[in-house]
Each structure stands twice: as structure tokens, then as C-alpha cells.
Amino acid sequence: MNDKLAKKKIEEHTNLKFFLIIFLSLLVILGVAWYVNRYSERSSAIAPNYGRSCYFRPTGNTECNANKAFCTEYIVTGPKPGRNCSYIGLKFWSCSNPNDEKCLLPKPTKDKDKPPTAAPPPTGDNYAPKGYIDGTSGSNCSVSGWACDLDSPKTALKVYFSSERRSLGSVVANQSRPDVASDCGGYPGHGYYYQFNRTEAGILFSGEDDWPIDADAQNVNSKGRPAGGTNDLKNSSKFTINCG
Ligand SMILES: [Ca+2]
């Protein structure tokens with residue numbers, strides 16, 4: 001009985017050894033195949049001068065030459081065991097046959113090669129009109145202030161007056177106001193003074209109420225042309241007026 005058990009154990013041990021040897025042999029074969037593929041084949045086929053005594057590897061640079069052959073750049077990295085390699089650091093190109101398929105296919109377009117998306121044409125309208133109502137006068141039935149648009153600081157803007165959404169008339173702000181020139185690109189001709197009249201602003205003459213005054217300046221572009229819209233001048237609704 002004991003002899004049988006011992007024999008079985010010896011058989012199992014022999015089998016294990018056999019599989020271990022097969023496994024190690026496979027590893028060695030794969031390693032040799034990898035080595036041959038990486039170095040020996042390239043050494044003999046690509047650069048025999050370097051390949052006999054030096055290791056080299058691709059740098060990652062590739063290109064197609066004038067013959068449409070696909071070329072790969074290599075760099076010499078060091079000596080093989082027991083050899084002298086005097087080419088360390090040297091780079092060289094190795095190319096496939098002319099008209100390589102890789103060079104005949106169009107290259108994929110990279111994002112950076114695409115033309116930039118066309119920007120919308122500039123409108124020249126980068127600033128809103130600005131300005132103030134400086135005051136009103138019931139006895140003169142008038143309003144005064146200033147307005148300008150830095151897109152076209154020379155341009156005199158049209159200013160529209162209203163009270164609680166009732167239109168009261170308009171004026172071009174073109175009077176000299178040296179005190180606001182620094183706010184208007186150095187140009188002083190942006191003041192306004194406007195006397196309301198009964199035709200346009202009859203409500204102000206009713207004598208019943210004090211009416212708040214709003215002023216809005218016309219928006220212009222860099223050419224001084226209307227660019228759409230108006231902008232409230234500061235102090236709108238702050239001053240009231242009663243012309244009755
Ligand atoms: Ca503007």
C-alpha cells in the first residue's frame with residue numbers, strides 16, 4: 001500500500017516537473033522571438049552598420065519622403081554586450097518601399113490644421129451711450145445734461161426725453177461741455193439743453209403735477225451711425241418738472 005502511494009507521489013512530482021519545463025521553455029522561446037523582432041531583424045535589415053554592435057529604438061518621428069515611402073526615425077541607444085558602439089545618440093531614418101500605402105492615404109485632419117471658424121464681422125458697437133441729466137428748470141421748462149458714446153466720441157448723440165413713457169421731444173447733444181470732455185474721449189461737444197414746448201410736452205404745462213423726466217441717448221457704432229437702441233442717462237426719473 002505504502003509503495004503504491006510513494007509511486008503515485010513520484011509520478012505526480014514528475015508530471016509537475018515536466019509542465020514546469022514546458023512552461024519555462026515557452027517563456028524562453030517568446031523572449032527570444034521578441035528580441036529577434038525588436039533588434040536583430042532591424043539590425044540586419046535597416047542599419048547593419050549600427051545594428052551589429054549597437055541597440056537603437058524609434059524616436060516616434062515618422063514622415064513620408066518624396067517617393068511616398070514611409071520613414072521612421074531611430075536613435076542609437078547603446079552598445080550590445082561585449083561590443084563597442086561609437087554611434088550612441090546618432091539619429092537615422094529608415095524608409096519602406098516607395099508608394100507605401102500609409103503615404104498614399106490622405107492624412108487625417110487634426111483640429112489644429114482646420115481653418116478657424118470665421119468670427120462674426122465687427123459691428124463697431126462696443127460701448128453703450130452714457131451721460132447724465134444734470135437738472136431741470138420749471139420756470140424755463142427745460143432740461144440739461146450731457147451724453148456721448150465712446151464708440152465714436154466725436155459724434156453728437158440724439159437724446160430723447162419722456163415722462164412716464166410719454167414722449168416729450170428730442171435734441172442733439174452738441175453743446176460745449178469742457179467739464180465732460182475727459183469722459184467723452186477728450187471731446188467737449190456733448191452737452192444738451194432743451195426747452196419743452198406745449199405741442200410735444202403739453203402734459204408738463206397742466207400745472208397739476210410734478211413730472212419725472214427721463215432721458216435716453218441713441219446708441220451709435222464706431223462710424224457714428226445708429227447701432228440700434230438707446231441707453232438711459234443717469235439721474236433719469238430723479239428730477240421732476242412742472243411747467244404750469
Ligand atoms: Ca455704441
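I'd like to know if segment 147-168 contains one or more residues that are under 15 Å from Pro129 (Cα atoms), among the polar types (S, T, N, Q) and free of Cβ contacts under 8 Å to residues at least 40 places away in the same chain.
Scanning segment 147-168 turns up no residue that is under 15 Å from Pro129 (Cα atoms), among the polar types (S, T, N, Q) and free of Cβ contacts under 8 Å to residues at least 40 places away in the same chain.
Quick one: how many residues across segment 113-145 are of a type outside the set (Lys, Arg), within 16 Å of the ligand (Cβ to nearest atom) and more than 27 Å from the chain's Cα centre (by Cα)?
2
For segment 192-223, enumerate the residues that are away from the ligand (no atom under 16 Å from the Cβ) and touching an Asp or Glu at 6+ places or on another chain (Cβ under 9 Å).
Of the residues in segment 192-223, the ones away from the ligand (no atom under 16 Å from the Cβ) are 192-215.
Listed by number, the residues that qualify are Ile203, Trp211, Pro212, Asp214, Ala215.
Does segment 218-228 contain any residue that is farther than 30 Å from Pro121 by Cα and not in a loop (DSSP other than H, G, I, E, B)?
No, the conditions are met nowhere in segment 218-228.
Mind checking which residues of segment 174-224 are in contact with a Gly (Cβ under 6 Å, 6 or more places away or on another chain) and on the phi > 0 side of the Ramachandran plot?
Gly207 - this is the single residue of segment 174-224 that is in contact with a Gly (Cβ under 6 Å, 6 or more places away or on another chain) and on the phi > 0 side of the Ramachandran plot.
Say we look at segment 146-169 and pick out the residues that are assigned to a loop (DSSP other than H, G, I, E, B) and within 16 Å of the ligand (Cβ to nearest atom); which of these is nearest to the chain's Cα centre (by Cα)?
Let us first name the residues in segment 146-169 that are assigned to a loop (DSSP other than H, G, I, E, B), namely 149-156, 164-165.
Filter once more, so that each one left must be within 16 Å of the ligand (Cβ to nearest atom): 149-156.
Details: Asp149: 29, Leu150: 27, Asp151: 25, Ser152: 29, Pro153: 31, Lys154: 34, Thr155: 34, Ala156: 37 Å.
It comes out as Asp151.
Test of understanding: among Asp183, Asp179, which residue is among the acidic types (Asp, Glu), within 16 Å of the ligand (Cβ to nearest atom) and surrounded by fewer than 21 Cβ atoms within 10 Å (Cβ to Cβ)?
None of the other options fit; the residue is Asp183.
Here, each number is a calculation from the coordinates, and none is a lab measurement. Just so it is clear, the model here is predicted, and its values are computed rather than measured. Cβ: placed from backbone, ideal geometry, glycine included. Neighbour counts: every protein chain shown.
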